Every structure is written in C-alpha cells, then in structure tokens.
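Enquirer: To start, I am sharing the structure in question, which I have written as structure tokens.
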Amino acid sequence: MTAEQFSGSEASGRIPPGQRLVRGWPVSHYGPVPRFRPDRWNLRVFGATATGDHHDWNFDQLVDLPRTTVVADLHCASGPSSIGHEWYGIPAAAVLDLVPPAPDVTHIMAWAEYGYSANLRLGDFTSARTLMATHRNGEPLTAEHGFPLRLVVPHLFGYKGPKWLRGIEYMTADRRGFWEERGFHNIGDPWREQRYSYEEQEGDGPQPHGG
C-alpha cells in the first residue's frame, strides 16, 4: 500500500506527536533543484577511512552496489508526515563494508549538492532501514525529490536525509550539519519530538571544544 492509499484510521499510531498526516508527497527543500550532469556526478566516501584514502563511485557504477527495499514513513520537522513510501536503493550499511571506517569513527556527515550537510550518529546511518534511495514506489526519484540519490533515515526527521546526496564523510567526533547549525535538533527523533536545538539534553549535541 502506497502513501496515497492510506486512510486516517490506517495511519493511527504511525504519526508522531505534533505531526499531521498529509496526502501525496509534498516537495520540501532549501535552495534550487540542481541540474544533474551524469558525466560530472560521483558519490565520494572520505574522512576517517580505515586506509586514509577516499573512494568514489560514478553514476554508472551505482548499479553494481547492493540493493534493498524499505517501506517507511517520512516526517518533516515542520509538521507534515506522509506514510507508506516504498524506498528502493543502496543500504547505507553497505558503504561501511565497501569502504571501512577507522575504528574510532562515531558519526558521519552526509553531504549533498550546494554544500548542504546533515550529521548522523554512526548507528543511525548503519540502521537496517537507512538507505540511499534511487527509487520510490517503483519509479526513479524525480529531480525535485532528490534524483539521482537521496539518503533516507526513516526513524529520524526528514532534514537528516539529504536529497541529491554526493558524499559520506566519516568523523571521529560529532559536528553539526546545515540545519543543525541553524537551530534544528542535533539528533532529530520525531517520536521524542526532537525538533529544535534549544530542546537538546546533555549529550545530544557535539562536545564543546576541549570538553
């Protein structure tokens, strides 16, 4: 059953506190939609890798990576929730198998076009339900929804899953991404209503320098 087919009663229990069910799949992003240039596109894994080197896949090489399907909901921190999306793409955990991180890596930064970024705890990135989606409901992603690659982290708010994904940076310490630097919660769990940074508890955000 797709997001468009759910009724209000079927959605009961699937909408986090403070969220509202919306029909369809609203478009939400900051800035313009980037133009896709396949000859210039790559996905890079870099930072604190086990070897100290980075690794790149071009667009054609994506077809050789493992694939999975996850049916999951999407929650926007501004309030809308849409449910029952069938995501198809590359399991995020496969990245760590293909490009192992250094032993002391604790977080990743997901980088997208125009320098957009979102930080995640390593365990959030390697969740069995986190994937780098290429399709939704059997169709390739549209440009407005993140084609060719979109990070989907179903258990966190949507700002933790950037559209137009271009890079994964391994980090040995946490630091805030684009929206996290602009007042959004560093973790972003919708079921705990973690929307804004002023709601953070001790340990939710990066340690201060020297701490």
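The values are calculated or read from the model by the stated rules, or taken from the named source; none is laboratory data. Note that the structure is predicted; figures quoted are calculated from it, not measured. Here the Cβ positions follow ideal geometry from the backbone for every residue, glycine too, while neighbour counts run over all protein chains shown.
Enquirer: Filter region 167-211 down to the residues that are assigned to a strand (DSSP E or B) and hydrophobic (A, V, I, L, M, F, W, C), then identify the one that is surrounded by the most Cβ atoms within 10 Å (Cβ to Cβ).
Expert: Taking region 167-211 and keeping what is assigned to a strand (DSSP E or B), we get 167-171, 184, 196.
After this cut, where a residue has to be hydrophobic (A, V, I, L, M, F, W, C) as well, the list is 168, 171, 184.
Values: ILE168: 25, MET171: 20, PHE184: 22.
Only one residue fits best here, namely ILE168.
Enquirer: Examine region 58-71 for a residue that is crowded, with 18+ Cβ neighbours inside 10 Å, over 21 Å from PRO100 (Cβ atoms) and not aromatic (Phe, Trp, Tyr), and state whether such a residue exists.
Expert: Taking every residue of region 58-71 in turn, at least one turns out to be crowded, with 18+ Cβ neighbours inside 10 Å, over 21 Å from PRO100 (Cβ atoms) and not aromatic (Phe, Trp, Tyr).
Enquirer: May I pose another question? Which of the residues that make up region 52-74 are within 17 Å of the chain's Cα centre (by Cα) and either of a type in the set (S, T, N, Q) or within 24 Å of PRO38 (Cα to Cα) (or both)?
Expert: The initial filter retains those residues of region 52-74 that are within 17 Å of the chain's Cα centre (by Cα), namely 67-74.
Once the filter is applied, which keeps residues that are within 17 Å of the chain's Cα centre (by Cα) and either of a type in the set (S, T, N, Q) or within 24 Å of PRO38 (Cα to Cα) (or both), region 52-74 yields ARG67, THR68, THR69.
Enquirer: Taking region 117-152 only, how many residues are farther than 18 Å from TRP25 by Cβ and modelled with pLDDT under 95?
Expert: 0
Enquirer: Filter region 92-147 down to residues that are touching a helix residue (DSSP H, G or I) at 6+ places or on another chain (Cβ under 8 Å) and among the acidic types (Asp, Glu), then give me how many there are.
Expert: 1
Enquirer: Filter region 88-111 down to the residues that are of a type outside the set (D, E, K, R) and exposed (fewer than 15 other Cβ atoms within 10 Å of the Cβ), then identify the one that is nearest to PRO66 (Cα to Cα).
Expert: LEU98
Enquirer: Mind checking which pairs have a first residue in region 110-138 that is part of a loop (DSSP other than H, G, I, E, B) and a second that is among the hydrophobic types (A, V, I, L, M, F, W, C) and surrounded by 22 or more Cβ atoms within 10 Å (Cβ to Cβ), Cβ under 6 Å, 6 or more apart or different chains?
Expert: THR130/ALA92; THR130/VAL153
Enquirer: Also, quick follow-up: Please state which one of GLY31, GLY52 is at pLDDT 90 or above, part of a loop (DSSP other than H, G, I, E, B), exposed (fewer than 13 other Cβ atoms within 10 Å of the Cβ) and of a type in the set (Gly, Ala, Ser).
Expert: GLY52
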